[in-house]
Amino acid sequence: MNKFLLLFLLVGVGLASYWTGLKHRTAKRHQEISQVQPVDLRKPNPSQHQASENKTNLESNRETSPSTATGGEISPTETRKQSREDLLRKVGSSDPLEQMSAFVELCQDLDDEAISAMIEAYEKKDWKGIDAMLFLNYFTYAWAKHDPIAALEWSKTRDPFLEQDLVSEAMLSGWASVHPQAALTWARENENRRDKEQKRGNDLLIGVIKGMAETNLAGATELMKELNYGLYLDKAASTLVTAAWAKGEQTAIDWVEKFPEGKARNSAYEALGKRLIREDLNRAVEWVDSMDESKIKTKIARETAKAMVIRSPEKAADWVARMPLGEARSASMERVVSEWVEQDPVATAEWLNQFSSDQQIDGALAIFSHQIAKKDPQSALQWAQEIEDPKRKERATGYVKKYFLKKQKEKK
């Protein structure tokens, strides 16, 4: 019994030592990142920039990368060497869980040996789908911290339509988290060829924005405002809302409200709306109610109503009924009807009956008549005829009449 107790104590001491060392390395790396100098967001003047300067900046990252610096480091113990050898061996394992866990742990402290082993295992495994995406995202992020030049060169060998964009974004994110200015300089000078042809703006900035988000939210926000394509703006906004939300809900709200009118503001509002809906639906309702009538309010109100009606149709219906007349209310009402009619068409009909025709309910009536047309075309036709707008009424009744005539033929 004493032998087992002694063995348990030895194992406990070993785990405690490993955890203490891991926290020390993590704290040191965080301290290095927090001391990054402010980033110059200005676009470089091509006439004044020289290739040699860029080369010097890139090479300096390799020399000053935290994972290659040795000053003050304690030599690894024999136990740590053995552990590392075990991880390198597990990289080639046929067990996906064992292999992925080894990948993630090695990413915490990359060196040339680990990088070579991970590339070899990845190419030999020939991963597809989500497994490949997870590996590429974590690995290239960590590799760019260690040696962005080599990571960039390797990214050029990847499939340009399946992997290259993912690799570039993750790599730039990792690079920007420790050397934002160098990563930004590279991103500005190396526009994605496919992106440039489509004139959508430099999507490489998304990676830089991700890397800067936690340590320099203001700088990352200014970069986001340079983007002009909706998909890129939405991706950047999602990243920055997460960073702002980590500082508090009110901080995130204040962040979006500082945006000037335009596409970037719309993307920021949508990203925060999705976050509020997911985290605190009641708070999302309050936020929508505080907004002035606008297209972005309409969009967020519709998504809020959709989430609410799934949880409680009655609560969603009550909220929408109290909203002031306008596009946001009409769109929300349509969303409530489209979801609620599938659950309880009778309750939905009773709710719609409380509104007069002058309360902008044409859209909700059209959706309701469409949804019940297959099962009860006669009732659907009566609902469609209540629509005020002549064109919308014509479209709705025309749709319902197909099922009405079909039903009449079946009776004969």
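Listing for the model above:
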quantity: Percent of alpha-carbon pairs separated by more than 19 Å within the stretch 279-412; calculated: 50
quantity: Per residue convex hull volume, Cα atoms of the stretch 361-412, in Å³; calculated: 54
quantity: Prolate/oblate/rounded call for the stretch 248-350, Cα gyration tensor, a/c under 1.5 rounded; calculated: prolate
quantity: Ranked packing of 264-273, 372-381, most packed first, by mean Cβ within 10 Å; calculated: 264-273, 372-381
quantity: Highest to lowest packing among 98-106, 394-402, scored as the average C-beta count within 10 Å; calculated: 98-106, 394-402
quantity: Dipole magnitude (debye, nearest 20) for the stretch 361-412, charges at Cβ of Lys, Arg, Asp, Glu; calculated: 500
quantity: Of Thr251, Thr348, Ser290, farthest towards positive along the dipole that unit charges on Lys, Arg, Asp, Glu beta carbons give the stretch 239-396; calculated: Thr251
quantity: Extension gain (nm, one decimal) between Arg278 and Lys374, 0.36 nm per residue minus Cα-Cα; calculated: 31.1 nm
quantity: Cα gyration tensor category, rounded, prolate or oblate, for the stretch 238-283 with a/c compared to 1.5; calculated: prolate
quantity: Burial ranking of peptide ranges 215-227, 359-371, 278-290, 327-339 (average Cβ count within 10 Å, highest at the top); calculated: 327-339, 359-371, 215-227, 278-290
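FYI, it's all coordinate maths here, none of it is from the lab. Not measured: the values here are computed from a predicted model. Neighbour counts run over all protein chains shown; Cβ positions are idealised from the backbone, glycine included.
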